[in-house]
Every structure is written in structure tokens, then in C-alpha cells.
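The structure appears below as C-alpha cells.
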Amino acid sequence: MSNLKTKIAWFLLITTSVMAVSCHSPKAEPITLQTLDSNASGAQKASIATPEVSFTDETGKEIKLNTLKGKVLFINFWATWCGPCIREMPSIHALKQSFRDNKDLLFIMVDIDGTLEKSKKFMNKNKYDLPVYIPHSPIPTNFFSNAVPTTVIINKKGELVEQMVGGRDYVAPEIKELLHKLLQSQ
């Protein structure tokens, strides 16, 4: 019996460690935007063109990012079991509400587990007006490298301009300022 308890304890320790590393710290990380910009030098390069990526919505409709040029995209990779994902969700909802009249900003909440039914129930239960998708194509690592939550922002030209790993407060002035700037650009 002692051997079984030891195995269970090790299993729980490993599982908890993996989840903690995957989800990052339970506290929201401070926002330090390092948007890739054409005036950047050295390691920072001009905005990165997005590869062909597609997602499926709750009705089964596929959307391809390369068909959404002319829109600013806020893409959040999350899971219902991820504590930091759940903690940042109210701020993402509030951010979306603050831009609700702007048709040039799209929010894409990507359930990395591919369980649309479960994630849609989560959104409905919490009264979040956030559209849920699942990956339909492979996701490039400059978008998502298995750390949740991860958010990417894509400009109107279809270029990746920001990748934020870890929980955030998305109603922070820096985020709103970045989105306003991207929405005003051509």
C-alpha cells in the first residue's frame, strides 16, 4: 500500500509541476510591450508576416487568418483548466467591450484542448462575449509555443506585431494604446 501511495504522490507532484510551468505564475505578469516595429534594430526585426493559419468556430466554420487582412486580430490561446487563463478572461472581455463598436478588431479565443463545447459553456456561464475557436491547422511557434495563456496581436497587413506569454491585465492603457495605434494605421 505504501508503494501505491508513493506512486500517487509522485504522479500528483509531476502533474502539478507540469501544469504550473505550462500556465506560468498565478500572478499576472507586468506588461512590457516590446512590439516588433520597422525602426527596431538588432534582435528586434520588422513585423513578422503571419503564416497560413486557420481555426474552426463553434458552428464548424473555418476562418483563415490570411483572409482577414484589413483587420487587427487579438488571438488568445487558453484552456479552461489553466488558472492564469481564467484570471485574465474578465480583462479580455472588458477589452473587447471597450472596442465593441469597432468592426476592424477581431477577438479569437483559441481553446488549445479543442473542446469547443466545454469552452463555450465556460464563456456562457461567465457571461463573456468572446468567440471560441479551435485550431484547424498547425499553429506556428511564433504564435504559440505550448505556454498558456499566450496572446498574439496581428496588424491590418497580416503581420504578427506582438506575442505575450503569461497572464495579463488586458485593460491596461498600454494594450489599448497599441490596439488604437494599429486600428488607425493602414
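If Gln186 satisfies all but one of (1) within 22 Å of Leu65 (Cβ to Cβ); (2) open to solvent by 20 Å² or more (accessible area, probe 1.4 Å); (3) outside any loop (DSSP other than H, G, I, E, B), what's the number of the condition it fails?
All conditions pass for Gln186, except number (3).
Out of Asn142, Asn155, report the one residue that is of a type outside the set (Asp, Glu) and touching a helix residue (DSSP H, G or I) at 6+ places or on another chain (Cβ under 7 Å).
Asn155
Looking at (1) open to solvent by 30 Å² or more (accessible area, probe 1.4 Å); (2) touching a helix residue (DSSP H, G or I) at 6+ places or on another chain (Cβ under 7 Å), can you tell me which one Lys69 breaks?
(2)
Restricting attention to region 161-168, does a residue exist that is closer than 25 Å to Ser185 by Cβ, in a strand (DSSP E or B) and more than 12 Å from the chain's Cα centre (by Cα)? Steps first, please.
Here is the first cut: in region 161-168, the residues closer than 25 Å to Ser185 by Cβ are 161-165, 168.
Next, only the ones that are in a strand (DSSP E or B) stay: 161-165.
Filter once more, keeping what is more than 12 Å from the chain's Cα centre (by Cα): 161.
Yes, region 161-168 contains a residue that is closer than 25 Å to Ser185 by Cβ, in a strand (DSSP E or B) and more than 12 Å from the chain's Cα centre (by Cα).
Being assigned to a helix (DSSP H, G or I) and touching a Ser or Thr at 6+ places or on another chain (Cβ under 8 Å) is the filter; apply it to region 63-77 and report the residue that is farthest from Thr115 (Cα to Cα). Show your work before the answer.
Residues of region 63-77 assigned to a helix (DSSP H, G or I): 65-67.
Checking which are touching a Ser or Thr at 6+ places or on another chain (Cβ under 8 Å) leaves us with 65-66.
Details: Leu65: 21, Asn66: 24 Å.
Per the criteria, the residue is Asn66.
Need the failing condition index for Gly114 against (1) in contact with a Ser or Thr (Cβ under 6 Å, 6 or more places away or on another chain); (2) part of a loop (DSSP other than H, G, I, E, B), just the number.
(1)
Being among the β-branched types (Val, Ile, Thr), in a loop (DSSP other than H, G, I, E, B) and modelled with pLDDT under 60 narrows it down to one residue among Thr35, Thr80; which is it? It would help to see each step written out before you state the result.
Details: Thr80 fails: modelled with pLDDT under 60.
After ruling out the rest, the residue left standing is Thr35.
The values are calculated or read from the model by the stated rules, or taken from the named source; none is laboratory data. From a predicted model like this one, the values you see are computed outputs, not experimental measurements. Virtual Cβ from ideal backbone geometry, glycine too; neighbours counted across all protein chains shown. We work out accessible area using only protein heavy atoms, side chains counted, and drop any ligands, DNA or RNA first. Shrake-Rupley method; radii C 1.70, N 1.55, O 1.52, S 1.80 Å.
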